[in-house]
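Report on the structure given below.
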Amino acid sequence: MLMGEIDFYPELCAKIQKYLQFYLLSETKIEFAYNKHLLNMVTEIDEKIGVKSELSNDYLPLIRLDILFGIKLPEKDTQFILFEVKYANQLTLSDVSQLIGYLQVAKYIKLGILLLVVKNQNNNMLSNDFAEIVQMRNLPMEWHLLLEENEKTNQYNFEIGICNYVPNNGIDWLDIKGLKGIENFKALVERVS
């Protein structure tokens with residue numbers, strides 16, 4: 001049977017939820033949705049958490065996403081994390097460009113993670129051109145987007161991280177600390193808190 005990235009979504013969501021819960025307060029609510037349009041995902045997460053998020057009040061573009069997590073800390077609005085999943089031998093520059101494009105269009109989701117589900121045991125999770133850009137510290141991981149909207153300029157900020165997952169194993173993060181990216185689950189949770 002041929003597998004695709006969608007086949008790994010339930011397994012990934014359970015594992016990511018477990019990692020996030022380890023670093024967050026016990027009264028924090030963590031929910032997820034996958035393989036739907038952004039509006040449907042936000043609605044599903046809001047229903048599971050039991051509180052309507054501020055994001056649900058905004059225009060949500062009709063983009064289909066892989067995985068979206070919602071984290072509701074006590075006394076705070078739900079924060080969302082987008083996971084763009086690739087089932088491949090390596091990640092390419094176009095994969096990170098796709099994640100950045102989704103974050104730009106979504107505007108209000110501040111955190112995005114590019115996650116490689118390793119198809120074959122390969123030592124290098126990044127293609128040669130992508131690895132070179134990362135090694136030269138020439139890949140922005142922290143973005144500030146300025147948009148002219150209704151005669152006013154709005155700024156949207158978002159950050160990204162990159163990790164990989166070997167099926168039935170753990171999640172490893174790319175060391176991108178020098179690029180000011182999200183380098184592990186602890187750093188991801190710090191940005192949500």
request  = Report the full-extension gain for the segment L39 to N154: residue separation times 0.36 nm, less the Cα-Cα distance, to one decimal in nm.
outcome  = 39.2 nm
query = Ignoring ligands, DNA and RNA, what percent of the 1.4 Å accessible area of the chain is carbon and sulfur?
reply = 47 percent
DSSP beta bridges in segment 21-127 [antiparallel fraction, %, rounded to 5] = 60 percent
key: Longest site-free stretch - the chain; sites: trypsin sites (Lys or Arg not before Pro), DSSP loop, at most 15 other Cβ within 10 Å   = 1-51
ask   = Residue farthest toward the positive end of the dipole of the chain, with Cβ of Lys/Arg at +1 and Asp/Glu at -1: which of N124, F69, F22?
value = F22
note = Checking rank on 167-173, 41-47, with mean other Cβ inside 10 Å and highest first, the result is 41-47, 167-173
key: Of K76/K152; K48/K86; K52/K180; K110/K186; K72/K110; K29/K119, those spanning more than 22 Å from alpha-carbon to alpha-carbon   = K76/K152; K48/K86; K52/K180; K29/K119
query = Using the alpha-carbon centroid of each, what span in Å lies between segment 164-188 and segment 1-23?
reply = 15 Å
inquiry  = Under 5 Å between amide hydrogens, which residues at least 5 positions from I113 or on another chain qualify, with H placed 1.01 Å from N in the peptide plane?
reply    = L82, F83, E84, G161
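When the convex hull of the C-alpha atoms of the chain is computed, what volume per residue in Å³ does it have?
For the chain, the hull spanned by Cα atoms encloses 127 Å³ per residue.
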query = Just for the chain, what percent of DSSP beta bridges are antiparallel, to the closest 5?
reply = 60 percent
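The values are calculated or read from the model by the stated rules, or taken from the named source; none is laboratory data. As the structure is a prediction and not an experimental result, all values here were calculated from the model. Virtual Cβ from ideal backbone geometry, glycine too; neighbours counted across all protein chains shown. To get the accessible areas, we keep the full protein, side chains included, count just its heavy atoms, and leave off ligands, DNA and RNA. Shrake-Rupley method; radii C 1.70, N 1.55, O 1.52, S 1.80 Å.
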